[in-house]
1. Could you give the dipole magnitude of the chain about its Cα centre, charging the beta-carbon of Lys and Arg +1 and that of Asp and Glu -1, in debye to the nearest 20?
2. Can you compute the modelled spin-label distance between Lys113 and Gln149, with each label point 7 Å from Cα toward Cβ, in nm?
3. Once both labels are modelled 7 Å past Cα along the beta-carbon direction, what's the Thr54-Gln93 spacing in nm?
4. Given 0.36 nm per residue, what is the gain on full extension from Ile174 to Tyr76 after removing their alpha carbon distance, in nm?
5. Stokes-Einstein D for the stretch 136-201 at 4 °C, 1.567 mPa s, Kirkwood Rh over Cα pairs, in µm²/s?
6. Report, as a whole number in µm² per second, the diffusion coefficient that Stokes-Einstein gives for the stretch 18-57 at 37 °C and 0.692 mPa s using the Kirkwood radius over alpha carbon pairs.
7. What is the Cα coordinate range of the stretch 42-188 on the first, second and third principal axes, sorted by size from largest, in whole angstrom?
8. Could you sort out which of Lys87/Lys160; Lys50/Lys104; Lys160/Lys205; Lys57/Lys178; Lys122/Lys157; Lys50/Lys205 sit more than 28 Å apart by Cα distance in this structure?
Amino acid sequence: MFLRIIKNSIMRCYYDIKYPYMEYNFTGIDGRDYIMFSVPPIMLANEYQKIFNTKPKTFFDCGAATGAVVDLAIHYGLDAYGIDIVKYPDQHQSWFYMRERQHKWGWSTASLKKLFDNGRIKIKSILDCEPITADIAYCNGTLTYFDEQTLPIVLSKFQKVGMLCAIHNTTEDINAAKQMGETLGTCNEPRTIRTNDWWIETFFKNNFDAHYNAQLRTFLAIPRQK
Ligand SMILES: C[S@@+](CC[C@H](N)C(=O)[O-])C[C@H]1O[C@@H](n2cnc3c(N)ncnc32)[C@H](O)[C@@H]1O
């Protein structure tokens with residue numbers, strides 16, 4: 001905890017500020033330790049309920065990484081599943097650190113391995129998936145890994161979801177981080193960094209009504225036809 005306090009006071013990074021609700025430590029595919037910033041599924045579920053006036057039941061994490069978000073979503077009572085194109089190492093810590101709505105708490109990693117063993121999280125690309133039918137689909141960074149030609153194919157996979165929640169670096173993020181002397185990094189090399197407006201227009205062109213939710217720091221895209 002002490003180390004953490006030092007880190008927070010002297011190393012405030014851009015993601016610390018942009019994603020204040022949730023972060024966790026994880027071991028990357030190179031075996032090194034990293035911090036992932038994300039949005040708690042319960043906040044996405046609350047937003048879904050506001051929009052659709054009913055509670056969501058199902059949750060799909062596109063790019064589930066270690067499975068932390070799927071695990072949390074299950075913990076909140078959602079029928080959650082996910083995919084990732086790579087298999088991360090089994091998380092070696094027995095506890096990892098989470099921060100959510102300013103509450104800081106530890107979380108056991110023991111349940112994560114089970115999600116891969118029992119098939120809740122599959123190792124495959126979204127491009128190889130049948131259309132996703134979950135109430136909430138979540139893409140944390142994943143959309144930026146595709147080029148402009150492939151994005152429409154990826155977005156077509158989400159035409160049957162209730163609500164697509166996407167967070168990722170945009171031109172505005174890259175510039176804001178630069179002002180703080182930081183070059184933003186992600187798990188994989190991102191390919192498509194564009195402005196917020198470009199993303200809203202791209203969702204629109206691909207049959208979604210979308211807006212940026214400033215509180216969640218999330219694009220919310222709702223398919224126009226189902
Ligand atoms: C930033 S991580 C998101 C982790 C987790 N969802 C969270 O919010 O904590 C993005 C993930 O997208 C995955 N990804 C990239 N391309 C993908 C693809 N074609 N299909 C599925 N996952 C992909 C990456 O491997 C990476 O683990």
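Read the figures in this text as sums done on the coordinates, not as results from a lab. Because the structure is a prediction, the values reported are computed rather than measured. Here Cβ is always computed from backbone atoms with ideal geometry, including for glycine, and neighbour counts include all displayed protein chains.
1. 460 debye
2. Placing both labels 7 Å beyond Cα along the Cβ direction yields 4.2 nm.
3. Distance between label points: 3.9 nm.
4. Extending this stretch completely gives an extra 32.0 nm.
5. 101 µm²/s
6. D, rounded to a whole number, is 273 µm²/s.
7. On the principal axes, the stretch 42-188 reaches 37, 36, 32 Å in Cα extent.
8. The pairs that break the limit, which is 28 Å between Cα atoms, are Lys57/Lys178.
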